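Just below is one structure, and these are the notes that go with it.
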Amino acid sequence: MTSDKNILVAFLLNALFAIVELIGGVLTGSVAIFSDAIHDLGDAVAIGIAYVLERKSKQEPDDTYSYGYQRYSILGSIITTVILLVGSSLVIYHAIERLWHPVPIQYNGMILLAIMGLSVNVIASMKTRKGDSLNQKAVNLHMLEDVLGWGIVLIGALIMRVTHFYWLDAVMSIGVSVFIFCNAYRNFVQSLDIFLEKVPTGLSISDVTACLKEIKALDSVHHVHIWSLDGQHHYATLHAVTDSPSIALKEAIRKQVAKQGISHVTIEFEGSSEDCVQKVCATDREELFLAGHHHAH
């Protein structure tokens, strides 16, 4: 199943169960469950947005978006992750308040809803677990938050039913929220790096330049830029200095950079006596390529 369909399944399960929670909250008179229902409705909205943007990201390149629409997936990741960060912070805040003002728990209603919530969110979490896109990973974090949350509600309700230690509910909620916040923050940073066109993790300009030194027909390379569209598809542009440009040389360059995980490269040939118009290239030839190239010979 494709990532957008997985997100749709997660959205439907989350939205339907949020409605069940609202009804359960009213019937049991539990403010905690009613609050969680509002939280899950917020999750459903975030996941719905993620679904729309994931679908959008599948569109083919056109005259408006010449590179394609993959970054809509990253936009979905940022939106859902921000909602997670805000939601986790609010849960931590209210849980700390609850530590000082414990509230009696309606155990039977909590246990029943916790079992239902755990079952629904485990299914939704499994549906989004295998996705590669950061958008789907953000949605999976929402699902994981709910799985852990309902698991703790179930365990906490059972323990509190015996011990009447109401403060346990707040302590466990804080633990889950801190865990989710840390993972959401990591996902947010990754998404932001892609938007800011940072060199993808695991790649470096020096590594790409080094691998091109193996091509004897190439005098040097400079003005090398590497970025990622969506965290999965990496692109590069570079200036290749040679007095013997050819299709074979282009293919050799493409094969070398492909070994570095770069799926698309744009190459501009320059003659050895030609001055690059880009000011940043002035020292690139010597510092990034020639020294190592001549040393190898």
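At-a-glance table
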| quantity | calculated |
| --- | --- |
| Set K58/K250; K5/K137; K213/K255; K216/K250 screened for pairs whose C-alpha atoms are more than 18 Å apart | K58/K250 |
| Dipole in debye (nearest 20) - segment 83-224, about Cα centre, beta carbon charges: Lys, Arg +1; Asp, Glu -1 | 280 debye |
| Prolate/oblate/rounded label for segment 198-270 (Cα gyration tensor, a/c 1.5) | prolate |
| Per residue Cα convex hull volume in Å³ - calculated over segment 82-226 | 129 Å³ |
| Peptides 186-195, 8-17, 255-264 ordered by average Cβ neighbours within 10 Å, highest first | 8-17, 186-195, 255-264 |
| Highest average packing first - 223-230, 241-248, 163-170, Cβ atoms within 10 Å | 223-230, 163-170, 241-248 |
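Values quoted throughout were computed directly from the atomic coordinates according to the rules given, and no laboratory measurement underlies them. The model shown is predicted, which means the values in this text are computed figures rather than measured ones. When we count neighbours, we look across all protein chains shown, and the Cβ atoms used for this are built from the backbone with ideal geometry, even at glycine.
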